[in-house]
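Reading through the structure tokens given below for one structure.
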Amino acid sequence: MGIVNVTPDSFSDGGRWDTTEAAVAHGRLLREQGADVLDIGGESTRPGATRPLVAEELDRVVPVIRELAADGAVVSVDTMRHEVAAAAVAAGARIVNDVSGGLADPAVLDVVADTGATYVAMHWRAHADRMRDFTDYGPDGVVATVRRELEARLEAIAAAGVLLDRVVLDPGLGFAKQPAHNWELLASLDVLQGLGRPVLVGASRKSFLGTLLADDDGPRPVDGREHAHAALVALLASRGVDYLRVHDVRATRDALAVVAAMEESR
Ligand code: PMM
């Protein structure tokens with residue numbers, strides 16, 4: 001899944017594709033490089049970000065989705081809002097990627113149920129301006145707690161009338177998570193896979209990679225994290241992760257080719 005953030009303020013690529021033309025061109029490039037899905041987002045969820053107006057979010061994503069879907073791309077919309085999800089599906093999106101798993105706006109689940117879209121439900125606890133206050137995972141720890149909270153989302157999603165065979169789960173790396181939480185979730189991905197749904201992971205360029213690679217100058221900047229991410233991609237692919245949400249499609253494809261060559265040669 002290649003990322004197209006049509007935002008002025010996303011942490012790694014904010015402002016780079018914030019016109020329709022630039023975003024469409026970037027989506028086409030990611031497809032040429034081998035992305036199976038293009039994920040179009042109009043709201044930055046970086047820690048501390050403030051939310052755009054609904055109208056702003058619609059203006060950012062809908063024209064981009066319409067053009068890329070017309071090309072024949074499988075398009076996903078990264079949104080927490082039912083108005084945006086509905087307009088995106090009407091414009092040709094087939095996947096609704098909701099970083100709140102239906103918690104921010106439960107009416108997203110009605111749109112998904114009504115349209116038959118695929119639904120990505122990410123583990124989430126609070127909007128970006130407050131999520132740093134929600135990183136306590138108690139005595140059970142992050143892995144068991146995220147599993148339990150995602151299981152509760154699955155129940156709510158099913159209760160809204162969404163077929164569970166259309167649902168993909170995501171541990172939500174960096175969302176109300178400290179770096180160590182992200183690593184624990186990655187190391188125990190099988191616990192989430194045990195919920196019986198495909199799993200999507202979004203680690204690309206995230207700050208826990210910057211923390212891992214920190215030196216005397218501080219965390220490694222966003223554009224120096226791609227090699228560590230490619231290594232992680234290979235590990236996750238060999239553990240059967242189903243979707244990878246990434247900025248660098250080419251590097252990801254290369255890492256997947258290495259894993260495939262190893263597996264085919266066994
Ligand atoms: N991360 C971001 C945005 N959307 N969606 C899913 N499903 N999973 C993620 O981990 C995720 C997401 C934030 O990263 P970005 O600003 O680079 O898009």
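Summary table below
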quantity: Of Trp17, Gly161, Leu192, farthest towards positive along the dipole that unit charges on Lys, Arg, Asp, Glu beta carbons give segment 2-264; calculated: Leu192
quantity: Expected-Rg normalisation [2.2 N^0.38 Å, Cα atoms] applied to segment 157-263; calculated: 1.16
quantity: Virtual spin-label span in nm between Val191 and Ala25, 7 Å along Cα→Cβ; calculated: 4.5
quantity: Phi-based couplings in Hz for segment 37-49 (Karplus 6.51, -1.76, 1.60; Gly and Pro marked x); calculated: 9, 10, 9, 9, x, x, 10, 6, 10, 5, x, x, 5
quantity: Carbon plus sulfur fraction of accessible area for the chain, probe 1.4 Å, in percent; calculated: 50
quantity: Alpha-carbon centroids, segment 225-251 and segment 37-73: separation in whole Å; calculated: 23
quantity: Length added when fully stretched, Asp59-Gln33, from 0.36 nm per residue minus Cα-Cα; calculated: 6.7 nm
quantity: Distance between segment 133-151 and segment 78-107 - C-alpha centres, whole angstrom; calculated: 24
quantity: Over segment 2-264, relative contact order from alpha-carbon pairs under 8 Å, at least 6 apart, %; calculated: 15
quantity: Debye intensity ratio in log₁₀ form over the Cα atoms of the chain, taken at each q of 0.07, 0.12, 0.15 Å⁻¹; calculated: -0.22, -0.69, -1.13
quantity: Coordinate range along principal axes, alpha carbons of segment 73-230, Å, largest first; calculated: 52, 37, 28
quantity: Over segment 60-104, volume per residue of the alpha carbon convex hull, in Å³; calculated: 56
quantity: Radius, Kirkwood style, for segment 220-266 when every pair of distinct Cα atoms is counted (Å); calculated: 11.1
quantity: Probe 1.4 Å, all protein chains present, accessible-area order of Tyr119, Tyr243, largest first; calculated: Tyr243, Tyr119
quantity: Quotient of C-alpha Rg and 2.2 N^0.38 Å, computed over segment 1-119; calculated: 0.95
quantity: Extension gain, Asp140 back to Ala260 (0.36 nm per residue minus Cα-Cα distance, nm); calculated: 39.6 nm
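The values are calculated or read from the model by the stated rules, or taken from the named source; none is laboratory data. Predicted, not measured: the structure shown is a model, and the values here were computed from it. Glycine gets a Cβ as well: all are built from the backbone with ideal geometry, and neighbour counts include every protein chain shown. Just so you know, the surface numbers come from the protein's heavy atoms only, side chains and all, with ligands and any DNA or RNA stripped out. Shrake-Rupley method; radii C 1.70, N 1.55, O 1.52, S 1.80 Å.
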